[in-house]
1. Once fully extended, how much extra length lies between K23 and K42, figured as 0.36 nm per residue of separation less the alpha-carbon to alpha-carbon distance?
2. Given 0.36 nm per residue, what is the gain on full extension from S12 to A53 after removing their alpha carbon distance, in nm?
3. What is the sum of charges around K42, taking Lys and Arg as +1, Asp and Glu as -1, for the other residues whose C-beta is under 12 Å from the C-beta of K42?
4. In nm, what is the difference between 0.36 nm times the number of residues separating D34 and T4 and their Cα-Cα distance?
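Taken together, the values in this text are just the output of simple stated rules run on the coordinates, not laboratory data. Just so you know, these numbers come straight off a predicted model, no measurement behind them. Every residue, glycine among them, receives a Cβ derived from its backbone with ideal geometry; neighbour counts consider all protein chains shown.
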Amino acid sequence: MAFTGFPPAAFSFLEALEADNSKRTFEAYRAAYDDALIGPAKELVPDLGAELARGGRGYFRRIEQTKTGGARARHACEPA
């Protein structure tokens, strides 16, 4: 499966952790961490590695064009 970006739940997890960086908060959001952050990151690593081996040009632009038809280039990690 190819990396398509991080879902909104990943950013909700990070915001909650920023507000209260405790084990209790982390455990409360554990499913979001696994599904919305770790899962997509595991897809990103091989895709990015393969792209960098080819020279790395345009990887994040292609992701954005896939999502929006090329409306504007943005970093793949930026929330939609």
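1. On the way: separation 19, 0.36 × 19 = 6.84 nm, distance 2.31 nm.
Value of the extension gain: 4.5 nm.
2. Length gained, S12 through A53: 11.5 nm.
3. -4
4. On the way: separation 30, 0.36 × 30 = 10.80 nm, distance 1.62 nm.
Stretched out fully, the D34 to T4 stretch lengthens by 9.2 nm.
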